[in-house]
1. I need the strands (runs of 3 or more DSSP E) fully contained in the range 198-269, keeping only those with at least 2 residues that are closer than 18 Å to V301 by Cα.
2. What are the residues in the range 234-252 that are more than 25 Å from the chain's Cα centre (by Cα) and surrounded by 16 or more Cβ atoms within 10 Å (Cβ to Cβ), if any?
3. H91 passes all but one of (1) within 21 Å of V16 (Cα to Cα); (2) touching an Asp or Glu at 6+ places or on another chain (Cβ under 7 Å); which number fails?
4. Which one of these is among the hydrophobic types (A, V, I, L, M, F, W, C), surrounded by fewer than 20 Cβ atoms within 10 Å (Cβ to Cβ), under 26 Å from A353 (Cα atoms) and in the same structural domain as G263 (by TED's automatic domain parsing): L191, L203?
5. May I ask you to say which residue of I125, I112, I142 is in the same structural domain as Y372 (by TED's automatic domain parsing), in contact with a helix residue (DSSP H, G or I) (Cβ under 6 Å, 6 or more places away or on another chain) and not charged (D, E, K, R)?
6. Of the residues in the range 172-188, how many are assigned to a helix (DSSP H, G or I) and either within 11 Å of A355 (Cα to Cα) or β-branched (V, I, T) (or both)?
7. Pick from L230, L225: which is surrounded by fewer than 21 Cβ atoms within 10 Å (Cβ to Cβ), in contact (Cβ under 8 Å) with a residue 40 or more places away in the chain and over 12 Å from A196 (Cα atoms)?
8. What's the total number of residues in the range 274-306 that are in contact with a Gly (Cβ under 7 Å, 6 or more places away or on another chain), surrounded by 22 or more Cβ atoms within 10 Å (Cβ to Cβ) and not in a helix (DSSP H, G or I)?
Amino acid sequence: MNIGIVCYPTYGGSGVVATELGMALAARGWRVHVISYALPSRLNRFRENVRFHEVEIPSYPLMEHQLYTLALAGKIIDVARYEQLEVLHVHYAIPHAVSGYLAKEVLTRDGIRLPVVTTLHGTDITLVGLDPGFHPLVRFSIEASDVVTSVSRYLRERTLQLFTDRTSIEVIPNFIDTTIYDRSRYNGTVLRQHLAPGADVVLMHTSNFRPVKRVTDTIRILAALREHGLNAQLVLIGDGPDRIEAEHLCRSLGLCDAVHFVGKVMATAELLAAADIFLLPSQNESFGLAALEAMSCGVPVVASNVGGIPEVVTHGENGYLAEPGDIDRMARYCIELASNRKKWQHFSQAARAAAVERFSVEHIIPHYEALYTRLAHT
């Protein structure tokens, strides 16, 4: 079967999940056509059964702004015709679901059937989609899609509350390649000496450093652990608008030697193998893919009790949850795990088990395969 996948090529979760989905489908014998304005970061080498189609955005003197939505629809039409797509799967509502709808309507007039699956990932519903100018378009594109999925029950309920009374939104959670995100593959002892020399406790956080991630909270948590007498260090992976504020906070607290800014790194699995505790103090998360990556590497998670995170992290079993901004409580949880090796080991094993048993490629991909097959033969 020929599957079209539309996604953003950037560092964020929706593009990562879409690309990983495409690669997993290709490995199982499906022919996958990825459509975007740039090569997705995870498609960094040739992969059998995966083809990339770049959207070229025209520039006309009359039109001041880029026409990506229309250019994308045109590219979808072209790929669908000449690669004989049987299903189109768009990730993120704006503008992908709109472009998918336009392409589908044009193709229908030409006698070509192209079912559209729309997967909602988070900020397309909870942030971008709430813009008054976008809201009616998001609502329409959701209701016009043949199938809509969301990455968590939380996001499904928010979508129903904010946009539509369509009850047929299927929850298919994000997934992880647990053979890659596996602590046993890497030499964590050597890695932690490079990342955080001499540390007894290594805290880690990865994100796009946007305000919703509350990156500076991780630094304040570190400060609390060091005040408690623990030789803790913090490794920050990623980059974004709040990095400057985080750097300034390190300087003002005298923690420059204990906080290590790694920047954007694709091979996060290897770095996670060197961590003791993963911090995710976000203001909101529709799923918490970064937490799942850490759990798959056997790293207990201390996170905010918001959004879809409780669907991934089980409080008191494989991690701890606290209210956003409750730095003192998160710090106490970190101290508890750092001070009790037996408890840390139990949490580590439980985190790994949850990732393998609930969110592995082998567990989740069949849900998408069944969905595609049903649509293609309806």
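1. Numbers: elements: 201-207, 232-238, 259-263.
Here the list reads 201-207, 232-238.
2. Going through the range 234-252, the residues more than 25 Å from the chain's Cα centre (by Cα) turn out to be 248-252.
L249, C250, listed by residue number.
3. Going through the list (1) within 21 Å of V16 (Cα to Cα); (2) touching an Asp or Glu at 6+ places or on another chain (Cβ under 7 Å), H91 breaks only (2).
4. Working: L203 fails: surrounded by fewer than 20 Cβ atoms within 10 Å (Cβ to Cβ).
That would be L191, the only listed residue that is among the hydrophobic types (A, V, I, L, M, F, W, C), surrounded by fewer than 20 Cβ atoms within 10 Å (Cβ to Cβ), under 26 Å from A353 (Cα atoms) and in the same structural domain as G263 (by TED's automatic domain parsing).
5. I125
6. Within the range 172-188, the first condition is being assigned to a helix (DSSP H, G or I), and the residues that meet it are 183-185, 188.
Those left that are additionally either within 11 Å of A355 (Cα to Cα) or β-branched (V, I, T) (or both): none.
Looking only at that region, the number is 0.
7. Numbers: L225 fails: surrounded by fewer than 21 Cβ atoms within 10 Å (Cβ to Cβ).
Result of the check over L230, L225: L230.
8. Of the range 274-306, the ones in contact with a Gly (Cβ under 7 Å, 6 or more places away or on another chain) are 274, 280, 284-289, 300-303.
From what is left, the residues that are surrounded by 22 or more Cβ atoms within 10 Å (Cβ to Cβ) are 274, 280, 285-289, 300-303.
Narrowing further to those that are not in a helix (DSSP H, G or I): 274, 280, 285-288, 300-303.
Of the residues in that region, 10 qualify.
The values are calculated or read from the model by the stated rules, or taken from the named source; none is laboratory data. The structure displayed is predicted, hence computed values, not measured ones. Methodologically, a virtual Cβ is constructed for each residue, glycine included, from the backbone with ideal geometry; neighbour enumeration extends over all protein chains shown.
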